[in-house]
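Everything on this sheet refers to the single structure shown next.
The values are calculated or read from the model by the stated rules, or taken from the named source; none is laboratory data. Computed from a predicted structure; not experimentally measured. Virtual Cβ from ideal backbone geometry, glycine too; neighbours counted across all protein chains shown. The protein model used for the area step is the full one, side chains on, heavy atoms only, and it has no ligands, DNA or RNA in it. Shrake-Rupley method; radii C 1.70, N 1.55, O 1.52, S 1.80 Å.
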Amino acid sequence: QVQLVEFGGGLVQPGGSLRLSCTASGSISSITAMGWYRQAPGKQRELVADITRSGSTNYADSIKGRFTISRDNAMNTVYLQMSSLKPEDTAVYYCRAVTYSRVGYWGQGTQVTVSS
């Protein structure tokens with residue numbers, strides 16, 4: 001079992017920055033990848049970025065060049081540095097962890113609102 005807790009959401013003006021973090025607990029050694037997803041009102045949940053234990057990253061086209069995902073070496077915390085935020089980035093952001101046995105776990109989500 002893996003438990004995930006997100007931190008760092010909030011209200012930010014367009015063009016601003018925000019940093020999300022997600023801390024994992026439980027069977028951390030079983031995690032092979034972690035990532036961030038988001039879900040805006042009336043839309044499906046979508047992948048924002050993910051990172052593997054080896055450090056390989058993957059980004060959605062809509063946020064390339066603006067967001068950066070990183071992790072600590074122990075793979076128990078993953079970060080999402082968000083810059084040049086736009087109103088369309090407004091969503092609930094969820095952390096996800098996937099284990100070597102392909103089991104996925106979700107955090108509770110954190111609201112990010114980009115508005116003036």
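In table form, for the structure just shown:
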item: Residue tally, condition part of a strand (DSSP E or B) and open to solvent by 70 Å² or more (accessible area, probe 1.4 Å), over the range 32-52; result: 1
item: Answer residue from the range 53-76, given it is hydroxyl-bearing (Ser, Thr, Tyr) and assigned to a loop (DSSP other than H, G, I, E, B) and is modelled with the highest pLDDT among those; result: SER56
item: Selection count where residues are open to solvent by 40 Å² or more (accessible area, probe 1.4 Å), over 11 Å from the mean Cα position of the chain (by Cα) and not polar (S, T, N, Q), scope the range 72-116; result: 9
item: Qualifying residues in the range 1-25 (those that are open to solvent by 60 Å² or more (accessible area, probe 1.4 Å) and touching a strand residue (DSSP E or B) at 6+ places or on another chain (Cβ under 7 Å)) - the one farthest from THR99 (Cα to Cα); result: PRO14
item: Residue match in the range 53-71 (condition: surrounded by 13 or more Cβ atoms within 10 Å (Cβ to Cβ), in contact (Cβ under 8 Å) with a residue 40 or more places away in the chain and in contact with a strand residue (DSSP E or B) (Cβ under 8 Å, 6 or more places away or on another chain)); result: no
item: SER29 being more than 11 Å from the chain's Cα centre (by Cα) and assigned to a loop (DSSP other than H, G, I, E, B); result: no
item: Check on TYR79, part of a strand (DSSP E or B), within 22 Å of LEU11 (Cα to Cα), at pLDDT 95 or above and touching a Phe, Trp or Tyr at 6+ places or on another chain (Cβ under 6 Å); result: no
